[in-house]
Amino acid sequence: MKPWFAQYLLILLALLLLTGCEQPSQTPAMGQLMGRGASDYAQVLPNQALHFPADHLAHRQFRQEWWYLTANLTTDSGEPLGLQWTQFRIALNSQAPTNSSPWASNQLWMTHAALTFSDSHQTAERWSRDIHANNAPAGVSGMPLSVWNDNWRWQASNNGADTANPNYGLLPARLQVTDAELAYELQLSSQAPLVLQGDNGYSRKSADGKVASYYYSQPFIHVSGKVRRDGQWLNVSGDAWLDREWSSEFLTRQQQGWDWFAIRLADGSALMLFQLRATEGQAPFYSGKRIWPDGHEQRIAAEQIQLKVSKWHKLADKRYPVAWQIDLPSEQLELQVEALNNDARMPLSVSYWEGPIRVTGSQQGSGYLELTGY
């Protein structure tokens, strides 16, 4: 069997198993992929402390997780752009293989990359098996942390022996992505503490807490480097946001998908907001937190989160909400959010919308928006 065909069959099998589809009649959406779980995977429980640097690594007993970086940058000429890099780990089943071969695995790696200007949106994707052998095609190891899929790699550097520093083993780092359609090479650093989202890292996804994830972020990453556009390398600088999340079920059966906002404001604070959209007739589930670089944070009560779509954009056979009004009375914030590029759909093995946003209103800012389940 040709290697490329074997890889295709493996990917197809993974998508069928994860989405419950009987045949590949349509590309599954991200919400569909992440919304189905099984009771024999590890479960997310409250009051469980996160441990660093160990929790920068993979959690293979859970069904899925990701290392997710979004960045808002500008070129030397002042042109705004955004980029994304995400490595997903996906378990095909909850039991480790009994075969002793290093090629036996119940895990897959899927990695996405995107480069978005106001007039262009380029995407790329890599899939690999998880194998236990030297020179594995994809994986996660450390410390310092290394996350790779072929020649796409997050590589942290040794930042001393201060293991009490929550960025130890994670940052500083170098991120390199090289593909026919896009490429970037970035240097990443941060002195800010990590943010434990939700309740000390336990992030509810439903009011009853039956669906949850372990979730932490580093919203205050400084970036310098270069990106390749139309064959030309451009120097860039700006800010990035890293999300780390793992669970065995991200959505209930009654939830369709999510709208997630990562925003940095002019006063130096950052906002993480999401709503999980329910089926018709049921209210969404909201979560939010405001964060400062010194570690100060403020949970935002669900009743204080008001999200309203102000513009829809049609892409292929779907519509995406690309502009929003965000009102947070408890934070005295009234924000208008608009996509830098309305055409920022990720038309990959799983389909979703992800792109940089501009923020105006009571404060200026920038950030990223992710839309799934549309």
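We did not get these values from a lab; they are worked out from the coordinates using the rules stated. Keep in mind it's a predicted model, so treat the numbers as computed, not measured. In this analysis, Cβ positions are derived from the backbone assuming ideal geometry, glycine residues included, and neighbour counts consider all displayed protein chains.
Among ARG244, ARG63, the order by Cβ neighbours within 10 angstrom, fewest to most, reads ARG244, ARG63.
Rounded to the nearest whole Hz, the Karplus-based 3J(HN,Hα) values (6.51 cos²θ - 1.76 cosθ + 1.60, θ = phi - 60°) of the stretch 320-337 follow the sequence 10, x, 9, 9, 9, 10, 10, 10, 10, x, 5, 9, 6, 10, 10, 10, 10, 10, with x at glycine and proline. Picking from LEU188, LEU81, LEU50, which is most flexible by a Gaussian network model of the chain using Cα springs under 10 Å? Between LEU188, LEU81, LEU50, it is LEU50 that shows the largest mean-square fluctuation.
Sequentially through the stretch 192-209, phi angles give Karplus couplings (6.51, -1.76, 1.60; θ = phi - 60°) of 7, x, 5, 10, 8, 6, x, 9, 6, x, 8, 9, 5, 10, 8, 4, 7, x Hz, Gly and Pro residues having no value and appearing as x.
Using the Karplus relation 6.51 cos²θ - 1.76 cosθ + 1.60 with θ = phi - 60°, the per-residue 3J(HN,Hα) values for the stretch 138-146 come to 7, x, 9, 8, x, 9, x, 5, 10 Hz, with x marking Gly and Pro. With point charges of +1 on the Cβ of Lys and Arg and -1 on the Cβ of Asp and Glu, referenced to the Cα centre of the chain, which listed residue (ALA138, PRO172, VAL227) lies farthest in the positive direction of the dipole? My answer, from the dipole projection, is ALA138.
Cross-link reach is defined here as a Cα-Cα straight distance under 19 Å, omitting same-chain residues fewer than 8 places apart; for LYS205 the lysines meeting it are LYS289. Ellipticity at 222 nm from helices only: DSSP H runs of n ≥ 4 in the chain, each -39500 (n - 2.57), divided by the residue count, give -2000 deg cm²/dmol. Here each label is just a point 7 Å from Cα along the line to Cβ, and for ALA316 and SER146 those points are 3.5 nm apart. Inter-part distance, the stretch 117-147 to the stretch 275-304, computed on C-alpha centroids, equals 30 Å.
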